[in-house]
Amino acid sequence: TAVAMVGGSRIALTSDNATHLVLGVTTADLPVSAPLAFVGFGIHSPEHSWDDYAATDVAGKAVIVMDGAPWDVDLSIPFGYDKALHKAVEAYQHGAKAVVYATDRYGQPDQPPATAFLMGFATEPIAILETDQPGHSMVPPIVFVSYETANRLLGNGTIQAYQRQSRESMESVGFDIPEAQF
């Protein structure tokens with residue numbers, strides 16, 4: 001179960017509005033309790049001169065990332081800067097403890113194959129096995145949510161507005177969410 005507190009409001013992230021994916025996580029990483037931050041697309045791409053992590057220190061935080069990229073992408077390719085798994089690995093490398101991945105096609109039949117691929121792992125419980133290096137995960141836990149749910153977590157502004165702003169200005173948007181805990 002995942003819960004966020006934003007500005008004094010409790011937002012439960014249950015199976016009705018979220019899919020939880022614990023992939024490559026050790027028990028040392030659970031449970032997660034962390035401040036909440038927004039890191040735009042959650043992309044660090046030197047070849048595109050793009051870094052959503054430049055303005056916000058996410059170490060020890062749960063991050064909200066929006067789907068896609070500020071440039072045109074091929075949604076049929078399962079891996080790349082703009083895909084959920086890459087964004088989760090990038091967040092982990094920046095010290096994030098959890099990822100909330102916002103997608104406008106959450107749970108819909110036409111969701112991108114890359115997202116459906118990962119969400120498929122969340123349909124069945126999988127045992128968490130310890131590695132020989134406890135506490136060294138591959139990625140942080142990922143929670144997939146709709147834009148509607150993500151907008152409630154942001155407290156201010158909308159995913160749609162931040163996407164538009166980033167794409168029009170070609171500048172990243174990122175900030176700590178005041179009075180927010182995941």
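The values are calculated or read from the model by the stated rules, or taken from the named source; none is laboratory data. Keep in mind the model is a prediction, meaning the values are calculated, not measured. For neighbour counting, all protein chains shown are included, and Cβ atoms are generated from backbone atoms with ideal geometry for every residue, glycine included. Side chains included, ligands, DNA and RNA excluded: accessible areas come from the protein's heavy atoms. Shrake-Rupley method; radii C 1.70, N 1.55, O 1.52, S 1.80 Å.
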Inter-label distance for Asn156 and Met170, nm, one decimal - labels placed 7 Å from Cα along Cα-to-Cβ: 2.8
Nonlocal amide H pairs with Trp50, under 5 Å, H built at 1.01 Å: Ser45
Residue-by-residue Karplus 3J(HN,Hα) for segment 84-98, coefficients 6.51, -1.76, 1.60, Hz, glycine and proline x: 4, 5, 4, 5, 5, 5, 4, 4, 4, 5, 8, x, 5, 9, 7
Area of Asp176 that stays accessible when all protein chains are in place (1.4 Å probe, Å², to 10): 80
Distance (nanometres) between label positions extended 7 Å along Cα→Cβ at Ser49 and Ser9: 3.9
Calculated FRET value between Asp57 and Glu148, using beta carbons and R₀ = 41 Å, to 0.05: 0.90
